[in-house]
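Shown next, in structure tokens, is the structure this report addresses.
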Amino acid sequence: MRVLQFGDSVVPVGAFSFSNGLESAIQLQFVRDLETLRQFVMTATRQSASSDAIALLAAHRAARAHDLRDALRADTALFNRKINEEMRTMSVRMGKKLAELSSHLNRTPLVTNWLGHIERKETPGTYPVCLGLLFAELNLPEHDAFAAHQYGTASMIVSASLRLMKIHHLDAQSILFEVNATAEAEYARVSGATLDDMATFSPSLDVMAAAHVKAHVRMFMN
């Protein structure tokens, strides 16, 4: 039930305000129809597994070891790899909201301590790291945290697509179903990776994100 609660797209962390780059992709016609949307979502989730999810796993393991130093390193490493302003903003705003929610629901020393680090600006407080810490604190396994994060990445984009383009909600669900089928293989691919292995090379997405900052019309914050 905890996995369902914190993997739900309606968790109040502000995800509805972001499109994870989709708005710019549509404006620049990289995404035009169902197939290009599917490709965009699959690319985004694969990239998420290679970067955000590695930091999430490092944070989860740090929490299990009762040592926040590795979580702090993971948080900084992930933040530094987000080279465009809007993606950094998305990650830290959602991260702080999740930390505040976690502290309200589950007042444990680890969650309270982590929120304090964020509020004192001692760490950025990225969303994947916060999610990893939360799942560890709830005694949920790391692969559940990984799955919830991958689903959340895809769900954010698919939800935005329903407001940005003509797509049937059944087709949107088919994309999520495909993403869910890849989660186990993606976890196996990155579960042994270190922070040094995190990779975020995606020049097309970075260019689109840069263009979105100065877009004349915007529905989403990124």
Inset, instruction - Take the Cβ-Cβ distance between Asp171 and Arg64 as r, set R0 to 35 Å, and report the resulting FRET efficiency rounded to the nearest 0.05. - result: 0.35
Legend entry - C-alpha center-to-center spacing [segment 162-207, segment 38-72] in angstrom: 13
Legend entry - Net length gained if the chain between Arg163 and Thr194 were fully extended (0.36 nm per residue, minus Cα distance): 7.5 nm
Inset, instruction - With all distinct Cα pairs included, what does the Kirkwood hydrodynamic radius of segment 18-70 come out to in Å, to one decimal, could you say? - result: 13.0
Legend entry - Ranked by how many other beta carbons lie within 10 Å on average, peptides 74-83, 199-208 from highest: 74-83, 199-208
Legend entry - Candidate residues Arg73, Arg64, Arg107: accessible-area rank, largest first, probe 1.4 Å: Arg107, Arg73, Arg64
Inset, instruction - With 21 Å as the limit, write out which pairs from Lys166/Lys214; Lys82/Lys214; Lys97/Lys121 have Cα-Cα distances beyond it, or answer none. - result: Lys166/Lys214
Legend entry - Dipole in debye (nearest 20) - segment 1-113, about Cα centre, beta carbon charges: Lys, Arg +1; Asp, Glu -1: 340
Inset, instruction - Treat each spin label as a single point 7 Å out from the Cα along the C-beta direction, and report the Glu85 to Thr43 distance in nm. - result: 2.4
Legend entry - Under 11 Å, Cβ to Cβ, from Met208 - net charge with Lys/Arg +1 and Asp/Glu -1: -3
Inset, instruction - Grab the Cα-Cα distance for Glu178 and Leu4, subtract it from 0.36 nm times how many residues apart they are, and report the gain in nm with one decimal. - result: 60.8 nm
Inset, instruction - Keeping the other protein chains in place, figure out the carbon and sulfur percent of the accessible area of the chain, with a 1.4 Å probe. - result: 56
Legend entry - With eigenvalues of the C-alpha gyration tensor scaled by 5 and rooted, segment 57-176, Å: 27, 16, 13
Inset, instruction - Could you list the square roots of 5 times each eigenvalue of the Cα gyration tensor of the chain, that is, the equivalent ellipsoid semi-axes, sorted largest first and rounded to whole Å? - result: 27, 18, 16
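The values are calculated or read from the model by the stated rules, or taken from the named source; none is laboratory data. Computed from a predicted structure; not experimentally measured. Neighbour counts run over all protein chains shown; Cβ positions are idealised from the backbone, glycine included. What goes into the accessible areas is simple: the full protein's heavy atoms, side chains included, and nothing from ligands, DNA or RNA. Shrake-Rupley method; radii C 1.70, N 1.55, O 1.52, S 1.80 Å.
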